[in-house]
1. Whole angstrom only: what separates the Cα centroid of segment A:332-407 from the Cα centroid of segment A:224-252?
2. When the Cα centres of segment C:222-272 and segment A:58-94 are compared, how far apart do they sit, in Å?
3. I'd like the FRET efficiency for C:TYR104 and C:LEU7, computed as 1/(1 + (r/R0)^6) with the beta carbon distance as r and R0 of 56 Å, rounded to 0.05.
4. Can you give the FRET efficiency for A:THR34 and C:ILE204, using 1/(1 + (r/R0)^6), R0 = 45 Å, r = Cβ-Cβ distance, to the nearest 0.05?
5. Counting only helical runs of four or more DSSP H residues, what would the 222 nm mean residue ellipticity of the protein assembly as shown come to if each run contributes -39,500 (n - 2.57) and the total is spread over all its residues?
6. So what is the relative contact order for segment A:283-488, in percent, with contacts set as C-alpha pairs under 8 Å and at least six apart?
7. Subtracting the Cα-Cα distance from 0.36 nm times the residue separation, let me have the gained length for A:PHE8 to A:GLU407 in nm, one decimal.
8. Give me the number: length gained by fully extending C:VAL37 to C:LEU112, i.e. 0.36 nm times residue separation minus the C-alpha to C-alpha distance, one decimal in nm.
Amino acid sequence: MDVVFTEFPWGVMLILLPLVGGMICLLWPRRGRTLGLVTVFAVALSVVGVAWQMLDTGIYRHAVGGWGAPLGIDLYADGLSLLMLAASALVGLGVSVYSAAYFGREDGTRFWPLWLFLLAALNALFLSGDIFNVYVTFELMGLAAVALVALAGGQNALGGAMRYLLAALLGSLAYLLGIALLYHGFGTVDIALLADRVDASPVAWAALGLMGAGLLLKTAVFPLHFWLPPAHASAPAPVSALLSALVVKASFYILLRLWLEVFEPLVGSDAVSTLLGLLGAMAVLWGSVQALRQSRLKLLIAYSTVAQIGYLFLAFPLAAAAGATAWYAALYLALSHALAKAAMFLAAGNLLHFGGHDRIAGLDRVVQRLPLTAAAFALAGVSIMGLPPSGGFIGKWLMLEAALGQERWDLVAVMIAGGLLAAAYIFKVLGYAFTQADVTHESRAVPVSMEWAALLLALGAVLLGFLAVPVLSLVGIGEPFGVSGVGP
Amino acid sequence: MSTSLLYALVGIGLFSLSLYGLIVHSHLLRKILALNIMGSGIFLVLVALAGRTGEAPPDAVPHAMVITGIVVAVSATALALTLMLKLAAETGRAELPDEGRE
Amino acid sequence: MEALTLLGWMFDGLLGLGLLWVAWRALTSPDLFRAIVLFIAFGLLMALAWVRLEAPDVALAEAAIGAGLTGALLLAAFAKLSSITASGDEKQADSARIYSHQLYWIAAVALLVAAGLGYVILSLPPYAAGLSVEVAANLQTSGVSHPVTAVLLNFRGYDTLLEMVVLLVALLGVWSLGGPAIGRGSAPGPVLDMMARVLVPLLIMVAAYLLWVGAHAPGGAFQAGAVLGAAGVLLLLADWRPRAGLMGWPLRLMLVAGPAAFVVMAALLYMVEGRLLAFPPAQAGMLILMLETAATVSIGVTLAALFLGGRPQSDKEHT
């Protein structure tokens, strides 16, 4: 029995299942909701299967077509990939349960196939060991995500979707030119082989610049973040959750992969990592300040995403000396953010559904009338602020530890400032949620499943605060950061 | 200078020209045109440099990548154009709306 | 490719300059319609460049998809846009500059990027085999004898699988945006009508030929699918619409056929051979032809549907 489990192609299922599910949803639209939920559940099970397998046999590598790199495409998964896959599965489950109640019949037939194909793209990206294959998955992801944003209709959503599409395409094209240079410079597009072959030549530097710029644009790092707030704020709530939690992390994951493996000979120099750290710091400060200034809840949450992404980039300057701790911190932050931000957007969706608007000042005694939703938002806020116990706390703690260890007081200051600002905008929302608004609005009942989906995701973010050791040991499978060893 | 280098440089030129065009124009159709030309420029770089094989036939892998890229480009263009039309129907103009004020 | 002869050098130089010049005109022409036409011309020049670079497969794909279908999409969008923004928005079509003095900065950055990348290109070695050696070595066991087809359908078939889904998702996105399909205009004039009647069967035959020949010569599923899509566009322009009964289930089946065939094949081959998309050398040729046939149908129908724009209504309850 155990042999069956470890022999079963869980990794391959992660890609094929959502593809098949999406196509069946297209053929039988009436069954979309059921099919979607079943598929996402099956995907989540497959992630467990992959984890089981990897605990047993280490790195997962699959040569598609039997050819193997450099001629063929390799699927590759280590602890880092596993973590991202798990995040996708968890957030995906929560969002799917939410969407089952959120979308009506008409919108539902459009949502489910697009979402399943988006999930397929995410999984295919996290499992890919080939940079051109990643380009194709980026395109699949981008088109599906844009179509999902546009589902909301109306000028804001359409404008946001258009900005998103243009930015995504520009980012992909820059990335593709980088692929062209790498292939013609080093003769392969396989990540593992490139890691061996790349040296510090002009070609590699140009490729780093192009791919870095493209991926920074896709990850919405300051100052290339302009497309994110309109897109994430005007999309339907479950779509916003998916975008902020998962899609934006996909390009970060690729940037990290390239940094760690392909461009390793180049990043010994401090210039690039200092630049990334600087951009991250500005993102934290700028994003947090802008979040504080918003009067609409979804825009506040979107700017919070911009800020939280900045934290991830603080790891780059720290990693040179602190090694794995800084990366573990970034990963833990990414994972916690995925759960917490998804919960926040879903909670905002509930509030929108309930009151018909998302003006912060108009949040009318939400704590009384939608206690589950208010709890979800509050718990998610705990993680975003970095208060214990939560995943966000662990991540920030590790990052602070790395910064203090290197006496990077500037980064410490940024993190503390960011934490304070985050507390400010979270409590701003909660403050209004406790009090009565000047004008009460007609309210609509919120389905229980929607409230519970938000709450469970938020609980997940908090729960991560207790699971640091097992999670980090999973991440260490295959030693993606070159150095093994769990954090504190 | 060989054929490969010549066309690769043309590809770089196209990339830069369309980068300029993408940023500078505000009409969405022009932005979409710029993105298409940019894609073509990158494809030129890919295929041109694949011809550095001397007497042998050119390297087939970049050719396959470019064919994939062309299909992806037409898919993205179709979606972008439809989005543009929908936006124009809402706002009356084929331009990105100013960021929504609160 | 060996160094250029004088005539070759002149031709390539002119073509290269021509490409840059036409692209520049397309990007900066004040008249939007002219810009689109210039873009189509640019596409055709690109096809010429592909031929010069010994890439006939890419030339076919560029001419059919890059210049042809993209051009058709742009023109159709332009026509619809003109009717939407018809209220004297002539200025719309003009190249509306956002910044004025910042133009120079942007131009400077673009120039810098070009210079840097140009330097990098020139620093590359003049001879590099890339993966051509590996491709040639494994061509026999791939099931086809044309290298590009082997790479697309066998060695890197996984990319092709995902790419087919990209096409499908684009169409789903277009459908979910709603909006009307291109209208049924007045009955087509006799020229268009005759052209459609003559050309469409011809195009279908050409598509079948391209599909068949792709195994050992330039051609294959994408080129065939593009030609099929062109036939579909011609039919749509000639105001032909398929019977409403075909627009529901059968249409979606045809759209899904290509990616579904890939996925099913991938899964089956995994079960048999232990690896995704691992074609056994003996049956590879036939299996690849099956995949390509499904792909051709899907690509053709998807491209035509993308041109149509709105989602066709079936006579049953539209879902």
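Each reported figure results from applying straightforward, stated rules to the coordinates on display, with no laboratory input. Computed from a predicted model, the values in this text were never measured in an experiment. As a convention, Cβ positions derive from the backbone with ideal geometry for all residues, glycine included, and neighbour counts pool all protein chains shown.
1. Measuring centre to centre over Cα atoms gives 16 Å.
2. When both Cα centres are located, 30 Å separates them.
3. So the FRET efficiency works out to roughly 0.90.
4. It comes to 0.70.
5. -24000 deg cm²/dmol
6. Averaging sequence separation for qualifying contacts and normalising by length gives 31 percent for segment A:283-488.
7. Answer, rounded to one decimal: 138.8 nm.
8. This chain segment gains 24.1 nm when fully extended.
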